Amino acid sequence: MSLEKILIIKQYQETDIARCKTGLESSPEQYSVVIANNYQEGFHLLKERSAATVERLSAVIIDADEVDSYALDLLASIKGLNDFVPVIVLTRMAHNQARHALTSMASECIVKTGEYYKFLWRAVKSSLERNSSRHQFAPTKPRRVFKAFPLSKKKA
């Protein structure tokens, strides 16, 4: 059983999220899935769980039928909060500008056609694998050390 916790953030009430959740939980990886009913709730959950060590989320799936400014703002906020968490966007359609933005900010973009939810676990698995190697080899910024020296008085 996987220890990976996945957050699914849905935009609309009528979606295939229940099928996505079932597909992820019954996959060979057996992911644990948390569902947020709107963008605000999802971002709040991610922010809350990013601070915790036990309930930390491993990946985020955004269900955005149309990639609009709200979805792009959410994606930017997630990346601003935690740049290392993989984000997968599920969409029915995306125009050229939105596709370009998704390519630069999301780990994966899946167009919802056919029975995509049956294979969603593979996209999650590959995103987590890519992300772990990215995180493992990410260069660390050297920390600057500032030393304070007492001012000495000049002797006259």
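Looking only at region 17-51, how many residues end up being small (G, A, S), surrounded by 17 or more Cβ atoms within 10 Å (Cβ to Cβ) and under 19 Å from T91 (Cα atoms)?
So the count comes out to 3.
Scan region 119-136 and report the pairs whose first residue is part of a helix (DSSP H, G or I) and whose second residue is loosely packed, with under 13 Cβ neighbours inside 10 Å and modelled with pLDDT under 95, with Cβ atoms within less than 6 Å and a gap of 6+ or a chain change.
H135/F84
Of all residues in region 101-134 being hydroxyl-bearing (S, T, Y) and crowded, with 19+ Cβ neighbours inside 10 Å, which is nearest to the chain's Cα centre (by Cα)?
S107
Quick one: in region 37-48, of everything that is within 18 Å of T15 (Cα to Cα) and assigned to a helix (DSSP H, G or I), which residue is nearest to the chain's Cα centre (by Cα)?
The residue in question is G42.
Could you check, for region 7-20, whether at least one of its residues is acidic (D, E) and modelled with pLDDT of 90 or more?
no
For the subset of region 1-16 comprising residues that are touching a Leu at 6+ places or on another chain (Cβ under 7 Å) and either surrounded by fewer than 21 Cβ atoms within 10 Å (Cβ to Cβ) or not β-branched (V, I, T) (or both), which member is farthest from E66 (Cα to Cα)?
Result: E4.
Is one or more of the residues making up region 106-123 at pLDDT below 80 and among the charged types (D, E, K, R)?
Among the residues of region 106-123, not one is at pLDDT below 80 and among the charged types (D, E, K, R), which makes the answer no.
Find the residue count for region 8-36, including only residues that are touching a strand residue (DSSP E or B) at 6+ places or on another chain (Cβ under 7 Å) and either acidic (D, E) or in a helix (DSSP H, G or I) (or both).
Number of matching residues: 5.
Taking T91 and the conditions (1) free of Cβ contacts under 8 Å to residues at least 60 places away in the same chain; (2) out of contact with any Lys or Arg (no Cβ under 9 Å at 6 or more places or on another chain), which numbered condition does it fall short on, given that it satisfies the others?
The number of the failed condition is (2).
Report yes if S58 is closer than 18 Å to E115 by Cβ and either surrounded by 19 or more Cβ atoms within 10 Å (Cβ to Cβ) or small (G, A, S) (or both), otherwise no.
So S58 fails the test.
The values are calculated or read from the model by the stated rules, or taken from the named source; none is laboratory data. Keep in mind it's a predicted model, so treat the numbers as computed, not measured. When we count neighbours, we look across all protein chains shown, and the Cβ atoms used for this are built from the backbone with ideal geometry, even at glycine.
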